[in-house]
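The values are calculated or read from the model by the stated rules, or taken from the named source; none is laboratory data. None of the values given here were measured: they were computed from a predicted structure. All Cβ positions, glycine included, derive from the backbone under ideal geometry; neighbour counts span all protein chains shown. Surface areas here come from the heavy atoms of the whole protein model, side chains and all, with no ligands, DNA or RNA. Shrake-Rupley method; radii C 1.70, N 1.55, O 1.52, S 1.80 Å.
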Amino acid sequence: MAAHPPAVSASFARAPVVGSVAGMAMELRDSHGRVMRDLRVSVTDRCNFRCLYCLPETEEAANFYRTRWAGSNGGLPAARPIAYEWKPRSELLSFEEIERVVRLAAALGIDKVRVTGGEPLLRQGVESLVASLAGIPGVRDLAMTTNGFLFASKARSLRDAGLQRVSFSMDSLDPANFRRMTGRDGLAGVLEGIRMAKDLGLAPVKVNAVVIRGMNDHEVEDLAAFARDEDLSLRFIEFMPLDSSRAWQRDLVVTGAEIVARLQSRWGLVRVHAPDRPSETARRWSFPDGRGEVGVIAPVSEPFCGHCNRLRLTADGKVRTCLFSLVEHDLRPLLRGGGTDSDIMRRLVEIVAGKEAGHRIGKPDFVQPARTMSCIGG
Ligand code: SAM
Ligand code: SF4
């Protein structure tokens, strides 16, 4: 039992699943009134891809950025690249530790859980983690984000374990451009994974494409046509400053508005409204014939922080309240140091209370986080 009442807002009114410590009902409400429902769980910081916008370590990625930066800064980004090393296994949360955090977060109102990474399918036995997360009371939506390279071989066991939905990352439909963007000759494998997800009913299947000017922006229409042909949902994502090279620049961002205008002029899309889901990050459109859907996720040009209900747990046990947080909150001392369930719940509530109002991209005081998207968990 907690010795002191938590320094957090308490609510008896609304959430269907709300934990209680010391007789006080608690939920994950921040100081701006936002209630957390969505937890992204990174299960590894490792990856088998080297995406240009995340871990751009290939010669081609270096060349791309060198030419883009040539005019503005002598060919070099202003800040030094992020030096990172894979975390040793001992620092990663075990499946039991992850399951415990998710169970306690679910008792505090989290009902959407997304398994991510790094590349989540690189974590051995991830199916058994999925099975245990699927059994947690209160988790009504269990999804995964993957680059898809290994998905086809694991799809059935993931579905049988209780995975409900999957989002793939696929930035190009041209094998050569795909390799330039990801550092891997992997397009055929990803397409196979997408097909498999559809066949197994892991619906709705979503495909995410990060659009970078001068790299894959010429493929926007082809990607949208793919969504229509395959009757799936394609989300165009604005490039965010979360890359290991710190090579992001505003000019490389293709805005959501620009993408929508291009697609509109080609297809005459129909806006899909979801007034019941204000925290949804994507603005969505359907094609006139009703097959497939496109969306834009525009955190740079049209931030949606005011409705953010997301939290992140990194593979090494840090809670992040924003993609762009400069502070991380380590749960491992509690998890490995005998913390009780109440201790952990109170800690989660305290952490959420301090969630940032929003990101600072484009503001003079913006500072890129010390870790890349692959470590943070997208
Ligand atoms: N490896 C898996 C994948 O790529 O789907 C899961 C982790 S990845 C970090 C999650 C998502 O973050 C992907 O959809 C990826 O496209 C996106 N992402 C990574 N770096 C990004 C950046 N700098 N800007 C925008 N999106 C990014
Ligand atoms: Fe790996 Fe995903 Fe980052 Fe690409 S976006 S490097 S697949 S973690």
Q: Run Ala315 past the list (1) at pLDDT 95 or above; (2) away from ligand 1 (no atom under 15 Å from the Cβ); (3) part of a loop (DSSP other than H, G, I, E, B); (4) within 26 Å of Glu119 (Cβ to Cβ) and report the number of the one that doesn't hold.
A: (2)
Q) Only one of Gly354, Gly358 is under 20 Å from Glu238 (Cα atoms) and within 23 Å of the chain's Cα centre (by Cα); which? A) Gly358
Q) Can Ser279 be described as surrounded by fewer than 19 Cβ atoms within 10 Å (Cβ to Cβ) and in a helix (DSSP H, G or I)? A) no
Q) If you scan segment 127-152, which residues turn out to be closer than 22 Å to Ser233 by Cα and not charged (D, E, K, R)? A) Leu142, Ala143, Met144, Thr145, Thr146, Asn147, Gly148, Phe149, Leu150, Phe151, Ala152
Q: Take the residues in segment 134-157 that are in a helix (DSSP H, G or I) and in contact (Cβ under 8 Å) with a residue 40 or more places away in the chain, then tell me which one is nearest to Arg50 (Cα to Cα).
A: Phe151
Q. Just one of Glu96, Glu91 is without any contact (Cβ under 8 Å) to a residue 24 or more places away in the chain and more than 24 Å from Ala197 (Cα to Cα); which is it?
A. Glu96
Q.
Looking for something within 13 Å of ligand 1 (Cβ to nearest atom), open to solvent by 30 Å² or more (accessible area, probe 1.4 Å), within 20 Å of Gly377 (Cβ to Cβ) and in contact with a Lys or Arg (Cβ under 7 Å, 6 or more places away or on another chain) - is there at least one such residue anywhere in segment 190-207?
A. yes
**Q.** Filter pass, Asp365 being of a type outside the set (S, T, N, Q), over 21 Å from the mean Cα position of the chain (by Cα) and in a loop (DSSP other than H, G, I, E, B)
**A.** yes
Q: Among the candidates Arg284, Arg310, Arg271, Arg291, single out the residue that is under 19 Å from Asn208 (Cα atoms), touching a residue at least 40 places away in the same chain (Cβ under 8 Å) and open to solvent by 40 Å² or more (accessible area, probe 1.4 Å).
A: Arg291
Q) Out of Asp243, Asp174, which single residue is touching a residue at least 24 places away in the same chain (Cβ under 8 Å), within 14 Å of ligand 2 (Cβ to nearest atom) and in contact with a helix residue (DSSP H, G or I) (Cβ under 8 Å, 6 or more places away or on another chain)? A) Asp243
